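The values are calculated or read from the model by the stated rules, or taken from the named source; none is laboratory data. Bear in mind the structure is a predicted one, so any value in this text is a computation, not a measurement. When we count neighbours, we look across all protein chains shown, and the Cβ atoms used for this are built from the backbone with ideal geometry, even at glycine. Calculation scope for accessible area: heavy atoms of the full protein, side chains included, ligands and nucleic acids excluded. Shrake-Rupley method; radii C 1.70, N 1.55, O 1.52, S 1.80 Å.
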Amino acid sequence: MRTLQRSTVKTILSSGLSVALLGTMVGCTTIASPYDNRPVYRDSNTSNNNVNRVSQQLRQDLRRNGYDVRDIQASNYRGNQILTAYATKGKQAYELKYTYPALRLISSDKKSWSSNGKEDKYKDNGKHKNSKHHKNDDVEDSIIREARYPAIKQQAVRKVSAMGYRVKDIELEEKNNRGVFEIEARRGSQDYEILLGYPNLNVIQVKKD
């Protein structure tokens, strides 16, 4: 009888020890498992390479459209990454903002630049007050200073896009003493010049470029 009891006790102790060891192994496995799911971080060089590639594409597109590109910079605009191109066309300087990486035009603003590429303040020295060029500048400048101008400009881009065109450039011009958006756009393989009235955005003209 004593021999049977001793055998039973040994069996119970052995079973308990096995359970304890098994619990320890399970516990180790549970602790170790999170380390097998560590996140994989992307190399920042990949992101930089993508920005450089898209910037080069934008540079080539602008050159094909007659711009002399001085610089392209990546930055944030309303929480989204954009590319800003500083370029000249003829004697006029521009600051053009594009979405990244789709390269959809956000805005195109005329600027005055010094020889080192930095923006200068507009200086009116009082000359040529009676010239047509100065009169045109007065019309354009007065419109650009309007608080509603940026929103209407964006509406013009959206309207042309909704018409099935991809906007490449948009400028405010003076025609018959009133403001007109002159828009360079593309549909398929064909370039177009589209004129929209300001501020009601009525379509004045659509012609192949």
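Based on this model, can you work out whether Lys97 counts as of a type in the set (Lys, Arg) and exposed (fewer than 15 other Cβ atoms within 10 Å of the Cβ)?
Details: of a type in the set (Lys, Arg): yes; exposed (fewer than 15 other Cβ atoms within 10 Å of the Cβ): no.
Answer is no for this residue.
Here is a yes/no grid of residues against (1) modelled with pLDDT of 85 or more; (2) of a type in the set (Lys, Arg); (3) open to solvent by 40 Å² or more (accessible area, probe 1.4 Å); (4) not in a strand (DSSP E or B):
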| position | (1), (2), (3), (4) |
| --- | --- |
| Thr11 | no, no, yes, yes |
| Leu21 | no, no, yes, yes |
| Gly27 | no, no, no, yes |
| Pro34 | no, no, yes, yes |
| Tyr41 | no, no, yes, yes |
| Val69 | yes, no, no, no |
| Ile82 | yes, no, no, no |
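For Tyr198, only one of the following conditions fails: (1) within 25 Å of the chain's Cα centre (by Cα); (2) open to solvent by less than 40 Å² (accessible area, probe 1.4 Å). What is its number?
All conditions pass for Tyr198, except number (1).
Can you tell me which residue among Ile170, Ile143 is under 23 Å from Lys111 (Cβ atoms), in contact (Cβ under 8 Å) with a residue 60 or more places away in the chain, open to solvent by less than 60 Å² (accessible area, probe 1.4 Å) and not hydroxyl-bearing (Ser, Thr, Tyr)?
Exactly one of Ile170, Ile143 is under 23 Å from Lys111 (Cβ atoms), in contact (Cβ under 8 Å) with a residue 60 or more places away in the chain, open to solvent by less than 60 Å² (accessible area, probe 1.4 Å) and not hydroxyl-bearing (Ser, Thr, Tyr), namely Ile170.
Give me a count of the residues in region 164-198 that are modelled with pLDDT of 95 or more and outside any strand (DSSP E or B).
Of the residues in region 164-198, 3 are modelled with pLDDT of 95 or more and outside any strand (DSSP E or B).
Can you find a residue in region 103-113 that is within 21 Å of Ile204 (Cβ to Cβ) and modelled with pLDDT of 90 or more?
So far as region 103-113 goes, yes, one or more of its residues are within 21 Å of Ile204 (Cβ to Cβ) and modelled with pLDDT of 90 or more.
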